[in-house]
1. For the stretch 259-278, check the following and say yes or no: at least one residue is closer than 23 Å to GLY192 by Cβ and open to solvent by less than 20 Å² (accessible area, probe 1.4 Å).
2. If you check every pair at least six apart or on different chains, which have Cβ atoms under 8 Å apart with a residue in the stretch 292-309 that is under 12 Å from PHE258 (Cβ atoms) first and a residue that is of a type in the set (Asp, Glu) and buried (at least 24 other Cβ atoms within 10 Å of the Cβ) second?
3. Does the stretch 285-294 include one or more residues that are open to solvent by less than 60 Å² (accessible area, probe 1.4 Å) and more than 30 Å from GLY400 (Cα to Cα)?
4. Return only the number of the condition from (1) open to solvent by less than 10 Å² (accessible area, probe 1.4 Å); (2) of a type outside the set (Phe, Trp, Tyr); (3) out of contact with any Pro (no Cβ under 6 Å at 6 or more places or on another chain); (4) in a helix (DSSP H, G or I) that VAL138 does not satisfy.
5. Just for the stretch 148-176: of the residues that are of a type in the set (S, T, N, Q) and within 20 Å of ILE193 (Cα to Cα), which one is surrounded by the most Cβ atoms within 10 Å (Cβ to Cβ)?
6. Could you tell me how many of the residues in the stretch 9-21 are in a loop (DSSP other than H, G, I, E, B), open to solvent by 40 Å² or more (accessible area, probe 1.4 Å) and at pLDDT below 70?
7. Out of (1) among the acidic types (Asp, Glu); (2) surrounded by fewer than 19 Cβ atoms within 10 Å (Cβ to Cβ); (3) closer than 27 Å to LEU318 by Cα, what's the single condition that is false for GLU214?
8. Here are some conditions: (1) out of contact with any Lys or Arg (no Cβ under 7 Å at 6 or more places or on another chain); (2) crowded, with 24+ Cβ neighbours inside 10 Å; (3) under 19 Å from ALA64 (Cα atoms). GLY314 meets all but one. Which one does it not meet?
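The values are calculated or read from the model by the stated rules, or taken from the named source; none is laboratory data. Keep in mind that what you see is a predicted model, and the values were worked out from it rather than measured. Please note: Cβ atoms are built from the backbone with ideal geometry, for glycine as well, and neighbour counts cover all protein chains shown. Please note that ligands, DNA and RNA were not included when accessible areas were found on the heavy atoms of the full protein model with its side chains. Shrake-Rupley method; radii C 1.70, N 1.55, O 1.52, S 1.80 Å.
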Amino acid sequence: MTSETHGRFKRWFWRPPRAHGEIIADRQVSNLELFYDLVYVAVIGQAAHHLAEHVTVRGLAEFAVVFALIWIAWINGSLYLELHGREDGRTRSIVFLQMGILVLLAVFTADAADTSGRGFAIVYATYQVVQTGLWFTVWRQDRRDHSEFLGLAGGYVVGTGVSVVVILASALLPATPRLLVWAGLGVAWIVGIVLAARRSQVGLGLTPTDSLVERFGLFVIIVLGEVVLGVVAGLSVAERDATTIVTGMLALWLGFGFWWIYFDLVGGRLPRANRVVLANWVLSHLPITLAITAAGAGMVSLIGHAHDASTPAGTSWLLAGAVATGLLALVLTEQALVDAERLSLVFHPLRLALAGGAAAALLVGWLRPAPWLLALLLVAILSGVWFFAVSRFLRVDAWGEP
């Protein structure tokens, strides 16, 4: 091996992160990023498993807090790759290190709100230590070459560093206080993203690109997989007669309905470059993905009670609330799109349709019909919203546009 080849390998294996502002407009999501996202299937699946076994108000609250922490971890890792990742050995090594930590995190996730909370806290803090190191490297680079991004990079370093301290400290607390600390940390991250977008001249440092939109779409697909797993889990343990199977298939179509709604209405469409609007677009995906995952967890109970004359209250409100939350969050998503202004005749009335669908879903949850009918009515609501949207697209001759 020549010295030139050796030097080229060293440069490939340990280049500095891509600097702030060096946006690759035509960048595509890499196979490494796809693999990284797949690890979250295991982590989110464990969180959903906890909710499936505890369909109560407390169980939902515990799930929401843990899911928010998982989503924040995904956002931190994904945005770093979007802004600073390269196709080199350094990026590969860092991503695989994070994947190993996330696999261990999944082990502690199912009972994170109770018996395995300390283990979850320690592993999560370890992940944030890695993130702190990555953003510190970016901050040092910005200090030399891009001073306009110093505040943003410094904010990430402080945010991840404080997260390490808070999460580690929470490991010393009993279960309920620990969960409250985690909830506070999740709220602090959301507020921090909003404030960074409003007060910083560079916002989150993001530029709307196809790869950014694709990453968020892929995460939606990951959580939609939890609906499929929930149906499989429900049918695997229940008596598989006609009523149970029909209930399971209708529940599966509920997941399909989420897919049609998201990817035909907002998926694949660029958000506007306005820094506040872009932050809203990012944050809107937290309730969307949380709602879909919660619906997947509720499938197990729905199928398990397929022969009941009335759906159990907890299950009914969980599924109806998930549909309502997802639809309302989509209002924030579609308002942030470039197409919301270009195709105002489609998206302005669509907001009313989404809100009306959310209200109808809550009414169905309150009525608590039989499980098969509950699933059917919720599917009908999603279908109604979709057909309304399609009619508006057809009216302005915009259906099928890339």
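1. yes
2. ILE292/GLU226; THR293/GLU226; GLY296/GLU226
3. Looking through the stretch 285-294, at least one residue is open to solvent by less than 60 Å² (accessible area, probe 1.4 Å) and more than 30 Å from GLY400 (Cα to Cα).
4. Of (1) open to solvent by less than 10 Å² (accessible area, probe 1.4 Å); (2) of a type outside the set (Phe, Trp, Tyr); (3) out of contact with any Pro (no Cβ under 6 Å at 6 or more places or on another chain); (4) in a helix (DSSP H, G or I), only one is false for VAL138: (3).
5. Filtering the stretch 148-176 for residues that are of a type in the set (S, T, N, Q) and within 20 Å of ILE193 (Cα to Cα), the one surrounded by the most Cβ atoms within 10 Å (Cβ to Cβ) comes out as SER163.
6. 1
7. (3)
8. Result: GLY314 fails condition (2) only.
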